[in-house]
Structure formats: C-alpha cells, structure tokens
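Student: Dumping the structure here so I can ask a few things about it.
Please treat every number below as a calculation from the coordinates, not as lab data. Note that the structure is a prediction, hence the values are computed from the model and not measured. Virtual Cβ from ideal backbone geometry, glycine too; neighbours counted across all protein chains shown.
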Amino acid sequence: MARLGIALVCLALAPNVSAQASDAFVRDVRPTTLERGDTLVVECPGLVPVGTASVLIKGRFDGAPTLDGLVLTGRAAGGERVLVDVDQPLQARVGHPLRITDAAVEVEQYVGGTRTTWRSRPGEALTLTLFPRTFRNLTTALGDQVASSPGLLGHIPLPFVAAALMLLVALVIHLLIAPITGIVVVWERKVSGRMQSRFGPNRVGPRGWGQWLADALKLITKEDLIPSDADVALFRISPYLVWVGVFATVVTLPLSQGAIVADMNVGLLYVISVTSLTVVGILIGGWSSNSKWSLLGGMRSAAQIVSYELPAALALLQIAVLAGTLSPQEIVHAQGGLPHQWFIFANPFAFACFFIYFIAALAEGNRAPFDLPEAESELVAGYTTEYSGFRFSIFSLAEWTNMYVLGTIAAMTFLGGWNVPFVAAERLAGSPLLQGLSLLVMVAKVVTLVFVIIWIRWTLPRFRVDQMMTLCWKYLVPFAFAAFVGTAAWVWLLHALPALDLIMRWAMFAVGGVGVFLFFVGRVVHNFRATKLLHMDGKHFVMPFVERYIDKRLP
Amino acid sequence: MSELVLATEGGDEMTLNMGPQHPSTHGVIRFIIKTDGEIIREAEPDVGYLHRAIEHIAEKCSYEGFMPYTDRVDYVAAMTANHVWAEAVERLGALPVPPRAHYLRVVSDELSRIASHCIALGAMAMDVGAITPFPYCLREREYVNDLMEELCGARLTYNYHRVGGVGWDLTDIWRDKVLRFCDHFDGVIEEFNRLITYNPIFIKRLARLAAVSTAEAIDFGLVGANLRATGFAYDLRADRPYALYDKILPRISWQTPVGKGEVGEVGDAWDRFWVRVEEWRWSVKIIREALAQIQETPHEFWTPPKKLKPKGEATARVEAARGDMHCYVVGDGGTNAYRARFRTGSFNAIAMVREKSAGLMVADLVALIASLDIVAPEIDR
C-alpha cells in the first residue's frame, strides 16, 4: 500500500520518468543504492542448500562497474535458492530481477564436513532478485528523487521529505485499515446472523454492507461522557494506547509481494512487542473509569494478555528457527505457494504451534472464548463499560482490526503468506497481474482465518478466569516450549538428511491437511444426517419466525 | 479514584453492586456481592423490585376476573399460573371440569413448559458466554408462541384457562401443527445437545459448580427441576397427578428425569441444565399422547360456573416450569376471594444463591443464578 502512495508521489514529481516504469526488466527508473542488510536471492538449479552458504558473484551488472569477486554470505531459502545478504552497495532496482552479463556465481557450503560447490555455467541465465526493505528504500529513493530534482524541490532537506512520507504512509494505512475493519465488523454481524437463523444488518448500503459507516457516524455524534471522579487524563488517553498497539503492527504486515510498509529485519519481534501496548491501554481504561466492573475487566485483561503473550511468542519463535529470519517478507519468501511448502506442514511441531499461536492470539485479542475482559454477561461491558461515543468506537475499531492483524500474522508465518502456487516469488515482482494475484491469495487466507475466528466466537462458551490461566500456563506454554525444542532438533536433523524435509512435508500435508479436512467434512455430514430438522416454512407452519416482519424482497 | 480503592469495607474485600440493571440477573434483581478479587466471599440477593401485589389484587377481583392477572405471576410460563388458579377455584367451588378441558390444559401447560425452558436454557448458555444457543431457543419459542397465538390469541400472557375449563377448543389444523412442531423439536433437542450441552468448555464451566444435595434442597424448599437435579425423583405430574396426567404418563412409560452427576457431582449446575433438557423430551411425549387421547373425548371444553360464590378454602398444586406452584385460596361466600396465596419456585431457589455463592468466582455466580432458573416476577409476584 505504501508503494501505491509512492507511485502517486513519483507520478506527481516526475511524470516523464514514470512513463518508462513499465519497462522495468530492462531499464530502471532510477538505480537505487542497495545497502547492507538488503537481500538477494540466487537461484541455483541442482543444489538444495541447507543452512548457510557463501556466494561468490562475478560479472557485470547492467550499467554498473564490473564486480571482481563479490563474496556474500547467504542462507537456504527453501527449494534451490539461496538468500544472500548484501554487504556492500550494489546498483540495482528494488524488487526486480537483475540482469547480469558475463555472470559467474559460485555457491559454496559445508554440510556434515563435506564441501559442496555449485557454479553457474557460462552463458546460463541467472536470476538475482533483490528483496526490498521497501519503506526505507522507497523513502531513500524518493529523497534522492527530490534532492536531485531541479528547482525549489531540490532544496528540501531529506528529513522533511522522510517525515512527510511517513505521514503519508500513516494516512494510507488508516484509510485502508479503517474500511477493512468496518467490513470485518459487518461481516461478523452477517455471519453471526446466519449462524443464529436471522438476518444480519441489511438496511444501510447494498445488502447492509454500509452498516459500519452508519455505526461509526452514530458513535462519533454521541456525547463523550466522562464519569464523575474518573481520572480524566488517563481515561482520555486509554483508547489511543489501544489504538496504537493494534495499528502499529499493521506497518510490518505484508499484503502482497510488494505491498508492505516496512519490512523490518526484526519484524516478528516488533509485532509481538507492539501488541502488548494494548494491555496498557486496557488496564488504564479499566482503572481510570471509576467503575468496579471496568476495574475487574482491566485486571482480567492484564492477567490474560500478559500470560498469553508467552505461548504466542514461543509459537512464532519456531518460524524464526525454520526461516532463519525475523523479517516478514523473508519469512513468506522462505515458504512456497503450495501447501506442503508452508511452515504449518514443515513438521509436527510447527503444526502444533499453529494452533498454539492461534489460541494464544485469540486470547491476546480478547476474542471469544477468551472474551473475559468484556464479558457482557458478567462484567456488563468490562473495561469499556464507562466509555461512549468516539472513544468507545476506537476500542471496538482496535478490537476488530486486531482480528485482521491476527489473521495476517497467522497467514504470513504458517500458511505461506502471499506466495502464489506454481509461481516463483521472484516472478511476482515484475508483473502487476501476478502482484494482484498474490494480493488475492493473501486476502483469501486472511479472510478464511477471520471467518474461523468469527465462527469460534459465535459457537463456544466463555472460559472462567482460572480455567483460562490453567490453559495457558499448564498446557500452551509447556507445549510451546516442547515444540520449540522439537523444531530445533528437526532443523538440526535436516542438516544431516536434507531429503527428509520433503517426505515430512508431504506426510504432514496428508495427515494434517487432508486428514483434518476429511474428518471435518465427515463430521458435518454425520451431523446433518443425525438431526432431521423439519423445515418450518410458511406452507407447513402458521406464522414463521421473522418472515412475517421483514419484506421478503429485501435481502 | 482513591475512593474506589480505599473505600472497601473489611480490608481486602470489595463490595460490588450487581443489579438491579445487570445483563445476567434475569429481570430486576439485585445482588450485593463482597469479593476478594474475582472470588466471592458473600452474595446477598436483594429481591422485591418487581412486587406488584398480585395476591392482594386477587382479593379485589372476581374469581374469573383474576385470571389475566395470574399470567403476570410468571410471565415466562404464564399457562401454569392460569392452571393453578383455575384448579384452586374449581376445588373451592367443587366445580366440574370436562375431560377435554383437562387435555387442553395438559397440552397448553407442556407447550408453555417447552417455551419456558427455551428461555431458561438459552439464557443460561448465554450467561456462560455462548450466544448462539439463545437465538436457537428463541426461534423454537417463537414457534410455540405462534401455536399459542392460534390457540388463544396471545403470545405471552395467555389468559387461556377458565374456571371450569378452557377458553377455546383446538382445531384439527392446530393439532396437526403441534404434532409437526413436536417432530421438529425432537431434532432440535439433539442439535442443542451437540451445540452446547456436551460442549467441553460448557461442561468445564458447570460441572461440580454449586452442587446441591437432596437434603439441602428439601431444607431450602427447592422444587421442580432444581430438586430433581439433586437425584430426587419428585414430580407432581407423576406423584400427585392433576388434570389427566395419571392417564397420560403410564402410556408413555414415564420416568422422572433426575440428575445423575454424569459429568461431575450429582446436583451440580450442569445437572440442573441437563434435567431441563430431558424435560423438553418428556414434554414432547406428553403432548403427543395428550393429543392422541383428546380425540376420544366429547367436544365440551368449558362448563362455565353459575353463581360462583364459594365458601371455604382450597389448595391446588401444579408442576410449573419452575417447579411446584401452589395456590391457596379462601372464599367467604362472596364473588371475590377472601385471601389468595401463590407459592412459587424462584423465591426459594434464590435463597440458594447466598448459600452456594461463597468461594465461587464472579463468572460462576452468573452461571449459578441462571442454573436455578430464576425469573424475577415469580420471586416477588
């Protein structure tokens, strides 16, 4: 999404340049300096790298001076690919395959004491794809663009340009996320309506999909009540902390191969740490409301979120072990488009970790069956009891955005992210069509996970406080630790027997994927057969529920 | 702020005021709770918010004129309150009741029981946090309400029973619809069990929660499903038959459903839930059998009393949705009752809350109140 903003800015700044941008494979709009920490992918057909490898690149890049033996450190990226860290500046364009003439690449690695070398044959086509730190690179790129433009623009200092860009990106994120959240809210209400044999919202907008706008408008126009004897400053600041805690995670979550705001190399760690900011907001909100129900809700929330961060982080740690990186884009890149290439099916421990993460993330996001902080049948509305109007709307906005965040993290880390089946990740960069496809794949995965979250919420009862704690500390945390050791052992085993990887992946896919799916379908069929509900329609029955009141022509 | 923390009596305890407007108090009831964090030290029910002096109204209306007021004794299951008043007055005046009226009373009572348990079980599931069973139950209750509307013109406060019979006869179409509903409802019970009754989280929440022993239940005067959940088989329909239950129950090989402690202790909250689910099953069977037997009765459904000025006193007992409902009525030879008295299940059940709540958590208290199936107007009348 940042790229969109950048592209718009580029268009405004240099319309003559953007015309050439479609010809990206051959010529660059403007060469960008790659810096330390950026990543190259080297495809080496015939070699399945494991662990780290050293890569020697000789040759001449387009428009760049000859390289005399550039030695880089790389690591296995799944399949016949090596991820290479750039440790000296290279001239290339971000996200696009680089053409090297007279190239020679050597990949060397030591496995179990033996040295394996892979050399590219002379004249063979080589693809080196640069993986961008999009945000930084684009900021720099735009800064360069502005700094080198003729006239007044060229005199704007770079920090100001960067600050303006950050503001723009923040705006784009909010403009994008707020509607997504709104749609998730309407969708949840529609799904719950279907589950409970009633209609969901169906009046505002086409088939009720504009309901979130009406809700937001109503909440904004309401009075912002502050209870007497409340701690006003804390009471006011609490929704913003919750808001920041959820929205800041969006920065580093990829939507597609190109659409990411900031691909940080500590992305996963950042997501885990920023999420905990919400607990501060909730605790402050519960404390400052001067209501005992709010206080109880805040206390429950503090205990719950702090506890469940542990299994969530431990589960995500397996991903760091498997991918060898914390950067979201590289994690996605280390997986593939097909299910057996996903991390969830990498080994049994990762499979278990997906569920551990999912449960823990549900609890962290205060979603049912862990919605104790706002349990309406016990605590009226928990920490939001005393909030009204816009402040309340921010709480709910954060809660539903969190569903999207949860779905994205799970899809990114365990379910292959934006990888399109049968298309190598490097090829996505050049084609807008494939970019769109990768966006669709990602959205489909997130939507599925969000649906599961909604489904769980409207099916299960709520845990009690002590049961919730028992589940976390007696089951999830020990299992997550055990799985961590298991994954580490498995990765170590793969160093010795790389062939096991594919066997295990297919086995896990057969058992974990297909098996679970078939069991589920069988269960559903069985339930349908076991229960013969008569259709109580108007023909057979007196006055059927609902239809009497609602015009059938409407959805 | 400082008041919130410091103004707690007795050091560690915090006083929580739950109700009268709280989502889970099932009407206007208030509980004064003393908690230590999440753990309840003491919960004191404060009743009386819904007192409408119904028994006093009975002294001011004629015997027939009081019938609509009995709907308000327990508006979730109004039919049984109708029944108990009609039966009490009939005993007081030694009035004849045609057999068809008895069968209609049985059918309407059982439909009313199904509707009432829909609210009880759905609300209990919702209090434990599962929201979907509640709309499912309400959907079924709506079908019952539709049937009731067709039978007597009202969906909530029926005013169907009369002194000496019932207000209207059934039609053949209505009978078919009820039978169809029964067939449908059998499947609903299975679905409901799969959805919530045997849900592991639900069992975890309710098993061993506030188990009541039979001796305790008798001491506190618990009746109905709350008493049967303790393993004590006592049901007025079987043990002190009224209307024509004695003709119906042997034909369906009746066994009073009692709590067995299937997932925890006998008499725990889950047992109370499960007993009500079983009562659904038996109600459906009773309705089927009553509708079969009603075909053989003469068409007379109401013998309106002439010159109703009874003297003396009478008691009637009916198994209502919330258990044994008594009505004691004294006539002094006038057109009004000299004194009327209703004894209802919820008033005794709410006493259990104080007894059983010490040591529970706040979330458990909500489940306990729901499991006792307390309906606020029935407590206060």
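Student: Using alpha-carbon pairs under 8 Å, 6+ residues apart, how would you state the relative contact order of the range B:194-244 in percent?
Tutor: 22 percent
Student: What list do you get for B:Lys285, A:Lys218 if you sort them by fewest beta carbons within 10 Å?
Tutor: A:Lys218, B:Lys285
Student: With point charges of +1 on the Cβ of Lys and Arg and -1 on the Cβ of Asp and Glu, referenced to the Cα centre of chain B, which listed residue (B:Pro68, B:Ile114, B:Leu222) lies farthest in the positive direction of the dipole?
Tutor: It is B:Pro68, whose Cα lies furthest towards the positive end.
Student: Follow-up question, since we're still on this one. Once both axes come from the Cα atoms, what is the angle between helix B:345-356 and the longest principal axis of chain B, in degrees from 0 to 90, rounded to 10?
Tutor: Compared with the principal axis, the helix lies near 20 degrees.
Student: I would also like to ask the following. Per residue of B:128-140, what is the mean number of Cβ atoms on other protein chains within 10 angstrom of that residue's Cβ?
Tutor: Working: counts 8, 15, 9, 12, 9, 3, 1, 7, 3, 0, 4, 7, 2.
Rounded to a whole number, the mean comes out at 6.
Student: So how strong a dipole does the range B:54-344 carry about its Cα centre when Lys and Arg Cβ are +1 and Asp and Glu Cβ are -1, to the nearest 20 debye?
Tutor: The dipole of the range B:54-344 has a size of about 420 debye.
Student: Set the bar at 32 Å for Cα to Cα. Now go through A:Lys474/B:Lys34; A:Lys222/B:Lys204; A:Lys190/B:Lys204; A:Lys222/B:Lys34 and name every pair that lies beyond it.
Tutor: Beyond 32 Å between Cα atoms: A:Lys222/B:Lys204; A:Lys222/B:Lys34.
Student: Output the relative contact order of chain B, whole-number percent, from Cα pairs under 8 angstrom with separation of 6+ residues.
Tutor: The value is 27 percent.
Student: Now a separate question. I need the shape label for the range B:249-342. Rule: rounded when a/c is under 1.5, else prolate if a/b > b/c, else oblate, with a, b, c from the alpha carbon gyration tensor.
Tutor: Oblate shape, in that a/c is at least 1.5 and b/c is the bigger or equal ratio.
Student: Karplus couplings for the range A:196-213 from phi (6.51 cos²θ - 1.76 cosθ + 1.60, θ = phi - 60°), rounded to Hz, Gly and Pro as x?
Tutor: The phi angles translate into 9, 6, 8, 7, x, x, 8, 10, 8, x, x, 6, x, 6, x, 4, 5, 5 Hz.
Student: Return A:Ile344, A:Ile177 ranked ascending by Cβ neighbour count within 10 Å, so the fewest neighbours appear first. Walk me through the numbers before you get to the answer.
Tutor: Values: A:Ile344 25, A:Ile177 18.
Ordered by Cβ neighbours within 10 Å, fewest first: A:Ile177, A:Ile344.
Student: Quick check on the exposure proxy: order A:Glu386, B:Glu296 from fewest to most C-beta atoms within 10 angstrom.
Tutor: Fewest-to-most Cβ neighbours within 10 Å comes out as B:Glu296, A:Glu386.
Student: Return the average number of partner chain Cβ atoms within 10 angstrom of each residue Cβ along peptide A:464-471. Don't skip to the answer; put the middle values down first.
Tutor: Numbers: counts 13, 7, 5, 5, 0, 0, 1, 2.
What the average comes to for A:464-471 is 4.
Student: Taking only C-alpha pairs under 8 Å that are 6+ residues apart, what is the relative contact order of the range A:382-463 in percent?
Tutor: On the way: 40 pairs, mean separation 24.9, N = 82.
Value for the range A:382-463: 30 percent.
Student: Something else now. Please average, across the residues of B:177-187, the number of beta carbons from any other chain that are within 10 Å of each residue's own beta carbon, and give a whole number.
Tutor: Mean number of neighbouring Cβ atoms from other chains: 3.
Student: Now, a different point. ³J(HN,Hα) across the range A:319-331 via Karplus (A = 6.51, B = -1.76, C = 1.60, θ = phi - 60°), whole Hz, x for Gly/Pro?
Tutor: 5, 4, 5, 6, 8, x, 7, 10, 6, x, 5, 6, 4
Student: Using modelled backbone amide H atoms (1.01 Å from N, in-plane), which distant-in-sequence or interchain residues come within less than 5 Å of B:Arg339's amide H?
Tutor: B:Val330
Student: Then there is this: Cα gyration tensor of the range B:160-251, axes a ≥ b ≥ c as square roots of the eigenvalues: rounded (a/c below 1.5), prolate (a/b > b/c) or oblate?
Tutor: oblate
Student: If you don't mind, there's one more thing I want to ask. Checking the a/c ratio against 1.5 first, then a/b against b/c, what shape does the Cα gyration tensor give for the range B:59-197?
Tutor: prolate
Student: Name the most mobile residue of B:Ile252, B:Ile294, B:Ile203, meaning the one with the largest mean-square fluctuation, in a Gaussian network model of chain B with Cα contacts below 10 Å.
Tutor: B:Ile252
Student: Whole-Hz Karplus ³J(HN,Hα) for the range B:371-380, in order, using 6.51 cos²θ - 1.76 cosθ + 1.60 and θ = phi - 60°, x for Gly and Pro?
Tutor: 5, 7, 6, 8, 10, 4, x, 6, 5, 9
Student: Whose amide H sits under 5 Å from the amide H of B:Thr230, counting only residues 5 or more places off or on another chain, with H placed in the peptide plane?
Tutor: Counting only residues 5 or more places away or on other chains, the set is B:Gly259.
Student: With all pairs of different alpha carbon atoms counted, what Kirkwood hydrodynamic radius in Å does the range B:54-344 show?
Tutor: When all Cα pairs of the range B:54-344 are included, the Kirkwood radius is 19.5 Å.
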